[in-house]
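The values are calculated or read from the model by the stated rules, or taken from the named source; none is laboratory data. Quick caveat: nothing in here was measured; it's all calculated off a predicted structure. Every residue, glycine among them, receives a Cβ derived from its backbone with ideal geometry; neighbour counts consider all protein chains shown. Heavy atoms of the whole protein, side chains included, go into the accessibility calculation; ligands, DNA and RNA do not. Shrake-Rupley method; radii C 1.70, N 1.55, O 1.52, S 1.80 Å.
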Protein chains: 2
Amino acid sequence: MFHALADANRRLMLDRLAGGPASVSELAKPLSISLPAVVQHLRVLEGSGLVRSRKTGRVRTCQIEPQALGTAERWISERRTAWEQRLDRLGEFLAELREQSKNRRPR
Amino acid sequence: MFHALADANRRLMLDRLAGGPASVSELAKPLSISLPAVVQHLRVLEGSGLVRSRKTGRVRTCQIEPQALGTAERWISERRTAWEQRLDRLGEFLAELREQSKNRRPR
């Protein structure tokens, strides 16, 4: 999933899809790469589960899979939160130490 | 940043660092790769801004940069939210259509 997100063109395709479903040629329009390259990127996005596509007649319509985005988001968020909670605990511990040393000081 | 996250060993290193700072050899311990490979991965993580390290004497201590994780998280979250809001609006529109057709129906 992160590999799929690691390419600027694929991120632009996701940007477009966040606004609603699009055909492959609509996805290709703002990009300065060939249509086969877009299809290749689409394959990576579908392989990662971030995008789903369906062919109706000759048009392939693509859409975002919000659950997959949610999974990637959660992975990052859990690490960030663990680190921040650790900093909070460290802060509380330092405040406690400061309090103790204040109480020990002769008045 | 997503390229840095796209490797399983680098994600394991971030897992470890989410629990607190660690030396390079501490990071290497649970991984089945060589120390130079770990250093290489660390370079990618530092290049992406996700990790910061500092050398004191002969020990290099690494720590997470929560702001960079927050940036990656926000990028994903914005796309997911845009898509979900779109679905919500679509749902409201459909409900409205249903209401209108109900009102038009002869009683």
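Key figures for this structure:
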{"item": "Debye, to nearest 20: dipole size of the protein assembly as shown, +1 on Lys, Arg Cβ, -1 on Asp, Glu Cβ", "result": "80"}
{"item": "Solvent exposure ordering (accessible area, 1.4 Å, most first) of A:MET1, B:MET13", "result": "A:MET1, B:MET13"}
{"item": "For segment B:1-62, accessible area per residue (1.4 Å probe, heavy atoms of protein chains only), Å²", "result": "55"}
{"item": "Assigned charges on the beta-carbon of Lys, Arg, Asp, Glu; chain A dipole about Cα centre (debye)", "result": "140"}
{"item": "Within a Gaussian network of chain A (alpha carbon springs, distance under 10 Å), most fluctuating of A:LEU42, A:LEU90, A:LEU14", "result": "A:LEU90"}
{"item": "Residue-averaged [θ]222 nm for chain B, counting only DSSP H segments that reach four residues, each worth -39500 (n - 2.57)", "result": "-22000 deg cm²/dmol"}
{"item": "Distance from segment A:70-89 to segment B:40-107 (C-alpha centre basis), Å", "result": "13"}
{"item": "Leading residue at positive end of dipole, chain B (Cβ point charges), from B:ALA72, B:LEU17, B:LEU97", "result": "B:LEU97"}
{"item": "Residue (of B:CYS62, B:HIS3, B:HIS41) at the positive-pole extreme of chain B, dipole from beta-carbon charges", "result": "B:HIS3"}
{"item": "Rounded to the nearest 10 Å², the accessible area of B:TRP83 at probe 1.4 Å", "result": "10"}
{"item": "GNM flexibility winner over chain B from B:GLY19, B:GLY49, B:GLY91 (Cα, springs under 10 Å)", "result": "B:GLY91"}
{"item": "Within the accessible area of chain A (1.4 Å probe), percent carbon and sulfur", "result": "50"}
{"item": "Equivalent-ellipsoid semi-axes of the protein assembly as shown, from the Cα gyration tensor, Å, largest first", "result": "45, 27, 12"}
{"item": "Ratio of Rg to Rh over chain B (Cα coordinates, Kirkwood Rh, two decimals)", "result": "1.40"}
